[in-house]
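Working notes for the structure below.
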Amino acid sequence: MFTRFYKDLRFLKCQKALTPGRLPCLMKMLFDPTLCICLNYRISQFWSRHKMLFISKFFWALNFFVFHVDLDPRSDLAGGCLFIHPIGIVVGANVRSKGYLKIYQGATLGGSFDNVLEIDGTTVSQPVIGDYTLIGPGAKVLGPLKIISYSIVGANSVVTKSPKVNGLILGSQTIQNHEYLKEFDKWPKH
């Protein structure tokens, strides 16, 4: 729990250092709702794994009612998760991420009914998100699918099938343009 939260903090610090303003980086981090959301999610996830569902649901409810973010404690978001303008974000149970992930407002990551898919030798019913991925505002990533590392899901895109290559994902199309991938140069390295 602490190593993942530390990675969340490191990513937040990296992003806040890039934003202009008069406040020092530490002050920007303390007033950012991402900090509280990540902490509540990590605590909720910890208690869910230890079968203390009442405590887990309490921290889930804090995120849901205070920040209007629905992060299921059964999901497995790796350390380095960042929520930008975090209102209306939904992450379903069993969604997995493998590394740095930036999610914008109104994004939904979840399953599509009872469909299952075999990914990397594991049967999954929810999206598996690769390392260094950006999910744009209002994007919907639905169903058992895999988003490849170094990908950007465009704003208001609805992705229901696994893209074959990384790049800018706009629904069923993927644009392989390395200009889009320059965003990841500003992200921390492992």
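The values are calculated or read from the model by the stated rules, or taken from the named source; none is laboratory data. The shown structure was predicted, so the numbers you read here are calculated from the model rather than taken from an experiment. So basically every Cβ, Gly included, is an ideal-geometry build from the backbone, and we count neighbours across all protein chains shown. Protein only, heavy atoms only, side chains kept; ligands, DNA and RNA dropped before computing areas. Shrake-Rupley method; radii C 1.70, N 1.55, O 1.52, S 1.80 Å.
Looking at Phe11, Val165, Val91, which one has the Cα that reaches farthest to the positive end of the dipole of the chain (charges on Cβ: Lys, Arg +1; Asp, Glu -1)? Comparing the listed Cα positions along the dipole, Phe11 ranks first. Near the amide H of Gly143, within less than 5 Å, lie the amide hydrogens of Gly110, Gly111, Ser112, all on another chain or at least 5 residues away, with H placed in the peptide plane.
When the Gaussian network model of the chain links Cα atoms closer than 10 Å, the mean-square fluctuations of Cys14, Cys38, Cys81 top out at Cys14. Accessible area of Glu183 (1.4 Å probe, protein heavy atoms only, ligands and nucleic acids ignored): about 50 Å². Heavy atoms only, probe 1.4 Å: what % of the accessible area of region 40-144 goes to carbon and sulfur, would you let me know? Of all accessible area on region 40-144, carbon and sulfur atoms account for 65 percent.
Can you tell me how much longer the chain between His50 and Phe65 gets when fully stretched, taken as 0.36 nm per residue apart minus their C-alpha distance, in nm with one decimal? Mind showing how you got there, number by number?
Values: separation 15, 0.36 × 15 = 5.40 nm, distance 2.35 nm.
Extra length available between His50 and Phe65 comes to 3.1 nm.
Quick one: ranking Ser157, Ser172 by accessible area, 1.4 Å probe, largest first, what do you get? Please list the in-between numbers first.
Working: Ser157 10, Ser172 120 Å².
From most exposed to least exposed: Ser172, Ser157.
Once a ≥ b ≥ c are taken as the square roots of the eigenvalues of the Cα gyration tensor of region 31-138, is the result rounded (a/c under 1.5), prolate (a/b larger than b/c) or oblate (a/b not larger than b/c)?
Values: a/c = 1.66, a/b = 1.20, b/c = 1.39.
Here region 31-138 falls in the oblate category.
The label-point distance for Val116 and Thr160, in a model that sets each label 7 Å from Cα toward Cβ, rounds to 2.1 nm.
Lysine pair count for region 1-113 (Cα-Cα distance under 25 Å; residues 8 or more apart in sequence or on different chains): 16. Cross-link partners of Lys161 among aspartates and glutamates, defined as those whose alpha carbon lies under 17 angstrom from its own and excluding same-chain residues fewer than eight positions apart: Asp114, Glu118, Asp120. The accessible area of Ile152, taken with all protein chains in place and a 1.4 Å probe, comes to roughly 20 Å². Dipole magnitude for region 1-113: about 360 debye, using +1 per Lys or Arg Cβ and -1 per Asp or Glu Cβ, origin at the Cα centre. Structural descriptor for region 1-123: relative contact order 21 percent, calculated from alpha carbon pairs under 8 angstrom and at least 6 residues apart. Stretching the chain fully between Gln173 and Met1 yields a gain of 58.3 nm (0.36 nm per residue, less the alpha carbon separation).
Picking from Val66, Val153, Val116, which is most flexible by a Gaussian network model of the chain using Cα springs under 10 Å? Between Val66, Val153, Val116, it is Val66 that shows the largest mean-square fluctuation. If I compute Rg and Dmax of the Cα atoms in Å from the structure I just sent, which labelled value in (i) 35.3, 98; (ii) 16.0, 50; (iii) 15.2, 44 lines up? Computed from these coordinates, Rg and Dmax of the Cα atoms in Å corresponds to label (ii).
Go through Val158, Val124 and list them by solvent-accessible area, largest first, probe radius 1.4 Å. Mind showing how you got there, number by number?
Working: Val158 80, Val124 15 Å².
Listed by decreasing accessible area, they come as Val158, Val124.
For Lys182, the aspartates and glutamates whose Cα falls under 20 Å of its own Cα, not counting residues fewer than eight places away in the same chain, are Asp131.
Report His190's accessible area, 1.4 Å probe, all protein chains in place, as a number in Å² to the nearest 10. About 140 Å², rounded to the nearest 10.
Taking every DSSP beta bridge with both residues inside region 18-162, roughly what % is antiparallel (nearest 5)?
Details: 3 of 27 bridges.
About 10 percent, rounded to the nearest 5.
GNM, the chain, Cα, under 10 Å: largest mean-square fluctuation among Lys13, Lys51, Lys140? Looking only at Lys13, Lys51, Lys140, the biggest GNM fluctuation is shown by Lys51.
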